[in-house]
Amino acid sequence: MKCFFPYLRHVFILLFAMLPAMGLAADIDRFLGTYSGTAEFLYEGKNEHRDMSATIEPTKKGFSLTWTSVTYKSDGRKKEKTYTIEFVPSDRANIYGSAMKNNVFGKAVPLNPLAGEPYVWARIEDDTFTVFSLFINEAGDYEMQEYHRTLAEGGLDLVFRRSAHHLPEKEIKAFLKRVE
């Protein structure tokens, strides 16, 4: 029996090391997939149209989110933006840090908001997967963006909010249909 205990200790250490990853898989699995949709909204007195898509995929250490927004201008031009961010579990349940650059030790870490880069994190709460982005401008004011993606029949309900100078500036709502 004495020889068995050292092995048992290793099994428990391995099991506890895997718990955060096992919890992550259970939370994010419900959101994995590719989604696409269209939003029509009023901004600064003008009707705007935007195509949107998002893909949420597992990675070795967490998950990645890629989203694209295509804005159509009144003069016929279109503006397309695509972003991809990897997220890894934090020490807090259901909160994930962005892994957007590597530090000097090669560890993926968030960007630095005091250097004018966005600070991004994610949260899963019930049926809503939210990504927050904080940007600090040259004057020291901040802009906050929130992307709330809530599970709905056939896809995700998206609510995007942007606030600056402590006031709401924009809100866009759309349904993103699951395509994969």
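Per residue, what accessible area does segment 20-171 have, given a 1.4 Å probe and all protein chains present, in Å²?
Per-residue accessible area for segment 20-171 comes out at 60 Å².
Can you send over the carbon and sulfur percentage of the accessible area for segment 131-180, probe radius 1.4 Å, protein chains only?
That share works out to 51 percent.
Picking from Thr71, Met100, Leu134, whose Cα lies most toward the positive end of the charge dipole for segment 37-151 (charges on Cβ: Lys, Arg +1; Asp, Glu -1)?
Most positive-ward Cα: Met100.
Taking θ = phi - 60°, what integer Hz values does the Karplus form 6.51 cos²θ - 1.76 cosθ + 1.60 yield along segment 114-130, in sequence order, with x for Gly and Pro?
In residue order, the calculated couplings are 6, 9, x, 9, x, 9, 10, 8, 10, 9, 10, 9, 6, 9, 10, 9, 10 Hz.
Just tell me which lysines come within less than 23 Å, Cα to Cα, of Lys107; anything on the same chain fewer than 8 places away is out.
Leaving aside lysines fewer than 8 places away in the same chain, those within reach of Lys107 are Lys60, Lys61.
Filter the cross-link list Lys81/Lys173; Lys46/Lys170; Lys73/Lys177; Lys81/Lys170 down to pairs whose alpha-carbon distance in this structure exceeds 20 Å.
The answer is Lys73/Lys177.
The values are calculated or read from the model by the stated rules, or taken from the named source; none is laboratory data. What you see is a predicted model; the values in this text were computed from it and never measured. Every residue, glycine as well, gets a Cβ built from its backbone with ideal geometry; the counts of neighbours run over all protein chains shown. Keep in mind that these areas ignore ligands, DNA and RNA; they rest on the heavy atoms of the full protein, side chains included. Shrake-Rupley method; radii C 1.70, N 1.55, O 1.52, S 1.80 Å.
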